[in-house]
Amino acid sequence: MTTTTLPYRVTPARVLRSEWHKFWTLRSTWITLAVTSALTAAMGAGLGAAYDGTGEGGMDTVVFVLLGTQFAQINLGVLGILATAGEYSTGQIRATMTAVPRRLPVLWSKAAVLATVALPLTLATNLLTFPLAQSFLSGTDQSASLGDPGVLRALAGNAAGLTLLAVLALGIGAVLRSVPTAIGAFIGLVMILPEILAMLPYAFVDEAVHYFPGKALEALTTAQPIPGATSPGAALPAMLLWTAAVLTVASVVLRRKDV
């Protein structure tokens, strides 16, 4: 009896392998990842080629070159949401949870697969985009090299921040279980809510806004500290806490609600 059932036992490794296979069999995965890298590199090169040395007001060099990652935030966020909420919209989640009745290994495996793909992709894209853009920026105030202080840290910090945003979006998708609603919530949290709160005339609110995911990503992307903004050393733990909190809520919802 044991010999015949053992090959079909659900294990974390098998759940992870299943989610890895599921992730790569979706056409949307390939398209989203390709578009994310292409847009980031193309925008970086385009900004570098068009820059005439005036009008940017001393913007941080890495922030300037990686302005295309504004699109990457949305693209990777949508990819994370599709990994969870997308299964609810198609009904595939019933088969998934029937195969893995404990449920939580599915969530952790989805998050691990997404992070494993997003981090090297964004880091490689950043390391390609920066020198590509700099080839046009020689002799301007935005000229820099990979060896300059803070540059490599900012490129890696941006990649880490984008990865955490993607996993956070995955958690939002698992909580809300609706692709349109989850996308709206993600965009609202990352881009809209901090700007609204920043308009309130309270110093403690203005300080708290710096630790919201979108603002923390900005801090991680700067080669040189921005006056009044949070430091990269504080921004990364803030993003980790946001992501962990959303995944915790997703875990509770997954355990308590029907599929």
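How many residues, within segment 12-42, are farther than 19 Å from Leu82 by Cβ and touching a residue at least 40 places away in the same chain (Cβ under 8 Å)?
Looking only at that region, the number is 3.
Given Phe71, Phe64, Phe23, which one is farther than 21 Å from Leu217 by Cα and touching a helix residue (DSSP H, G or I) at 6+ places or on another chain (Cβ under 8 Å)? Lay out the reasoning, then the answer.
Details: Phe71 fails: farther than 21 Å from Leu217 by Cα; Phe64 fails: farther than 21 Å from Leu217 by Cα.
Only one candidate passes the filter, namely Phe23.
Does Val100 count as within 24 Å of the chain's Cα centre (by Cα) and in contact (Cβ under 8 Å) with a residue 60 or more places away in the chain? If you could, list the steps in order and put the result at the bottom.
On the way: within 24 Å of the chain's Cα centre (by Cα): no; in contact (Cβ under 8 Å) with a residue 60 or more places away in the chain: yes.
For Val100, the condition - within 24 Å of the chain's Cα centre (by Cα) and in contact (Cβ under 8 Å) with a residue 60 or more places away in the chain - is not met.
Could you list, in sequence order, the residues of segment 137-195 that are over 24 Å from Ala244 (Cα atoms), open to solvent by 30 Å² or more (accessible area, probe 1.4 Å) and in a helix (DSSP H, G or I)?
Within segment 137-195, the first condition is being over 24 Å from Ala244 (Cα atoms), and the residues that meet it are 137-152.
If we keep only those that are open to solvent by 30 Å² or more (accessible area, probe 1.4 Å) too, we end up with 138-141, 143, 145-149, 152.
If the condition is that a residue be over 24 Å from Ala244 (Cα atoms), open to solvent by 30 Å² or more (accessible area, probe 1.4 Å) and in a helix (DSSP H, G or I), then Leu152 is the only one that fits.
Exactly one of these conditions fails for Thr243: (1) of a type outside the set (A, V, I, L, M, F, W, C); (2) out of contact with any helix residue (DSSP H, G or I) (no Cβ under 6 Å at 6 or more places or on another chain); (3) in contact (Cβ under 8 Å) with a residue 40 or more places away in the chain. Give me its number.
Exception for Thr243: condition (2).
Only one residue in Ala72, Ala42, Ala13, Ala49 is surrounded by 18 or more Cβ atoms within 10 Å (Cβ to Cβ) and either part of a helix (DSSP H, G or I) or among the aliphatic types (A, V, I, L, M) (or both). Which one? Write out each step before concluding.
Values: Ala42 fails: surrounded by 18 or more Cβ atoms within 10 Å (Cβ to Cβ); Ala13 fails: surrounded by 18 or more Cβ atoms within 10 Å (Cβ to Cβ); Ala49 fails: surrounded by 18 or more Cβ atoms within 10 Å (Cβ to Cβ).
It is Ala72.
How about segment 196-235: which of its residues are without any contact (Cβ under 8 Å) to a residue 40 or more places away in the chain, within 23 Å of Ala159 (Cβ to Cβ), of a type in the set (A, V, I, L, M, F, W, C) and open to solvent by 40 Å² or more (accessible area, probe 1.4 Å)?
Ala229
Is it the case that Ala234 is assigned to a helix (DSSP H, G or I), within 20 Å of Ala111 (Cα to Cα) and modelled with pLDDT of 90 or more?
Details: assigned to a helix (DSSP H, G or I): yes; within 20 Å of Ala111 (Cα to Cα): no; modelled with pLDDT of 90 or more: yes.
No; evaluated as a whole, the condition is false for this residue.
When you look at Thr29, is it under 28 Å from Ala216 (Cα atoms) and at pLDDT 90 or above, yes or no? I'd like the intermediate steps shown before the answer.
On the way: under 28 Å from Ala216 (Cα atoms): yes; at pLDDT 90 or above: yes.
Taking the combined requirement at face value, the residue satisfies it.
The values are calculated or read from the model by the stated rules, or taken from the named source; none is laboratory data. For clarity, every value in this text was computed on a predicted model and none was experimentally measured. Please note: Cβ atoms are built from the backbone with ideal geometry, for glycine as well, and neighbour counts cover all protein chains shown. In case anyone asks, the SASA skips ligands and DNA or RNA and just uses the protein heavy atoms, side chains included. Shrake-Rupley method; radii C 1.70, N 1.55, O 1.52, S 1.80 Å.
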